[in-house]
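The values are calculated or read from the model by the stated rules, or taken from the named source; none is laboratory data. The model shown is predicted, which means the values in this text are computed figures rather than measured ones. So basically every Cβ, Gly included, is an ideal-geometry build from the backbone, and we count neighbours across all protein chains shown. Ligands, DNA and RNA are stripped out before the accessible areas are found, and what is left, the full protein with its side chains, is counted by its heavy atoms. Shrake-Rupley method; radii C 1.70, N 1.55, O 1.52, S 1.80 Å.
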Amino acid sequence: QHKNKSTPTKANSTEPKDKEYGKVKDENERMKQEIVKLRSELASAQKENKANEAKAAKFEAQHESMQQMVATLKADVDSWKANAESLKLKNKALQDKLAEIHFLSEAGEDDKTFQKSNFKEEYEKALTPSYMDQLFQALRLFIKEYVNGEGMSEKEGDEFLRRLQKEAILYPDEVLSELQHSSQRLWTSDLKMSNRRTFYSVLNEVIRNDKGEILKHAAVLARAINELCVVGRVSRERIVFPPEDWVYRGAVIPKQHVEFFRVGRQYRVPMFLATSFKKSKAQEFCEMAWRGNKAYEAVIWIVHVDPAGRDDTTKLCKNANLITSTQFPGMCLVVVKFNFVMMLFFLLDE
């Protein structure tokens with residue numbers, strides 16, 4: 001009986017160990033599965049990492065290639081810019097040359113010079129007026145030729161001549177004894193004909209055109225004006241130097257001629273060149289001229305005068321003088337004998 005009772009008790013004592021062993025076994029199996037899973041995930045991650053590294057290497061190669069392309073393109077752009085600037089300068093030089101050719105060809109002939117001009121020939125034959133009636137005779141014939149050429153009536157010309165004479169008579173001392181002053185006052189008169197043209201603008205136009213019977217009378221009038229501007233410069237005291245080292249000119253010109261005028265260009269002016277000591281006066285003329293012809297370009301020339309001429313007479317411009325008998329005080333008329341000027345164009349202010 002005692003054995004029978006003890007046997008079950010012995011068997012029951014092993015059950016907790018078996019259960020514990022089973023749990024450990026199950027846990028071990030689970031951990032094995034977890035390890036397999038982790039190994040699989042690790043392999044997958046390593047594979048993905050390798051793929052990413054390959055992509056990164058590829059992108060880095062592409063980036064380096066793109067940097068090289070950008071550097072090449074930048075070099076090309078710099079080269080194109082340099083070429084464009086070179087072409088721009090060449091084009092500008094070509095435009096300047098074409099403008100000069102156009103300017104000269106429109107004047108009549110490409111090789112036109114003062115030496116070959118009709119005006120020079122007439123000027124050399126013309127006599128300087130000694131009396132007022134000789135001056136007015138040349139003026140009358142000049143206006144008559146002009147109105148006939150413009151299709152205007154002689155009555156209009158005669159009326160304009162009478163108005164000019166009436167204005168001159170307001171200064172009897174000039175009329176009687178100072179012919180050069182009368183001629184300059186005539187030239188600067190602001191009186192206009194029916195076509196809105198002044199005497200000074202017509203005289204300049206006739207000299208520029210350099211043709212026709214009217215040149216004979218223009219030469220006589222030019223002789224009278226040059227008595228002041230060239231011949232009349234007999235002493236240093238009679239020459240008034242500009243307060244500044246500049247004189248100003250305001251006018252309008254056709255747009256195609258603007259390109260002709262560039263700093264440093266030397267040219268000869270085929271007319272009387274009026275300037276002013278005051279920029280405001282040049283601006284006034286510029287605006288007045290532009291209102292009369294808005295199709296043209298309004299410009300102001302600034303002409304530099306050698307400052308050494310203020311104290312050194314050898315440095316003075318030999319073909320300029322201040323006009324004192326004028327409707328426009330402060331005007332400086334720049335001319336040379338035969339009415340042409342050799343001067344250096346200094347600046348164009350648009």
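Please determine, by comparing only the residues of segment 126-152 that are touching a helix residue (DSSP H, G or I) at 6+ places or on another chain (Cβ under 8 Å) and exposed (fewer than 12 other Cβ atoms within 10 Å of the Cβ), which one is farthest from Leu191 (Cα to Cα).
Among residues in segment 126-152 that are touching a helix residue (DSSP H, G or I) at 6+ places or on another chain (Cβ under 8 Å) and exposed (fewer than 12 other Cβ atoms within 10 Å of the Cβ), the one farthest from Leu191 (Cα to Cα) is Leu127.
Please indicate, with yes or no, whether at least one residue in segment 175-196 is of a type in the set (Phe, Trp, Tyr) and either outside any helix (DSSP H, G or I) or at pLDDT 80 or above (or both).
Kept after step one, since they are of a type in the set (Phe, Trp, Tyr), are these residues of segment 175-196: 187.
With the extra rule that they be either outside any helix (DSSP H, G or I) or at pLDDT 80 or above (or both), the set shrinks to none.
There is no residue in segment 175-196 that is of a type in the set (Phe, Trp, Tyr) and either outside any helix (DSSP H, G or I) or at pLDDT 80 or above (or both).
Have a look at Lys81, Lys97 and point out the one that is assigned to a helix (DSSP H, G or I), exposed (fewer than 11 other Cβ atoms within 10 Å of the Cβ) and modelled with pLDDT under 90.
Result of the check over Lys81, Lys97: Lys81.
Filter the strands (runs of 3 or more DSSP E) completely within segment 254-328 down to those with at least 3 residues that are more than 21 Å from the chain's Cα centre (by Cα). Explain how you work it out, then say what you get.
Values: elements: 266-269, 273-276, 297-304, 320-322.
Answer list for segment 254-328: 273-276, 320-322.
Which residue out of Lys74, Lys90 is basic (Lys, Arg), at pLDDT 85 or above and surrounded by 10 or more Cβ atoms within 10 Å (Cβ to Cβ)? Break it down into steps so the answer makes sense when it comes.
On the way: Lys90 fails: at pLDDT 85 or above.
Exactly one residue qualifies, and that residue is Lys74.
Any chance you could count how many residues in segment 193-204 are in contact (Cβ under 8 Å) with a residue 12 or more places away in the chain and surrounded by fewer than 23 Cβ atoms within 10 Å (Cβ to Cβ)?
Initial filter on segment 193-204 (in contact (Cβ under 8 Å) with a residue 12 or more places away in the chain): 193-196, 199-200, 202-204.
Next cut, surrounded by fewer than 23 Cβ atoms within 10 Å (Cβ to Cβ) only: 193-196, 200, 202, 204.
Result for segment 193-204: 7.
Here's the yes/no breakdown for (1) open to solvent by 80 Å² or more (accessible area, probe 1.4 Å); (2) of a type in the set (S, T, N, Q); (3) at pLDDT 80 or above:
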residue	(1), (2), (3)
His63	yes, no, yes
Gln67	yes, yes, yes
Asp110	yes, no, no
Glu124	yes, no, yes
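Could you give me the residue pairs with C-beta distances under 6 Å whose first residue belongs to segment 251-276 and is on the phi > 0 side of the Ramachandran plot, whose second residue is of a type in the set (Ser, Thr, Tyr) and open to solvent by 30 Å² or more (accessible area, probe 1.4 Å) wherever it lies, and which are 6+ apart or on separate chains?
Partner pairs satisfying both residue conditions: none exist.
Suppose the filter is modelled with pLDDT of 85 or more, of a type outside the set (Ser, Thr, Tyr), assigned to a helix (DSSP H, G or I) and surrounded by 10 or more Cβ atoms within 10 Å (Cβ to Cβ); does Lys25 pass it?
Values: modelled with pLDDT of 85 or more: no; of a type outside the set (Ser, Thr, Tyr): yes; assigned to a helix (DSSP H, G or I): yes; surrounded by 10 or more Cβ atoms within 10 Å (Cβ to Cβ): yes.
Against the criterion (modelled with pLDDT of 85 or more, of a type outside the set (Ser, Thr, Tyr), assigned to a helix (DSSP H, G or I) and surrounded by 10 or more Cβ atoms within 10 Å (Cβ to Cβ)), Lys25 does not qualify.
Within segment 127-158, count every residue that is in contact (Cβ under 8 Å) with a residue 12 or more places away in the chain, more than 15 Å from Ala222 (Cβ to Cβ), assigned to a loop (DSSP other than H, G, I, E, B) and not aromatic (Phe, Trp, Tyr).
Summing the residues that are in contact (Cβ under 8 Å) with a residue 12 or more places away in the chain, more than 15 Å from Ala222 (Cβ to Cβ), assigned to a loop (DSSP other than H, G, I, E, B) and not aromatic (Phe, Trp, Tyr) in segment 127-158 gives 3.
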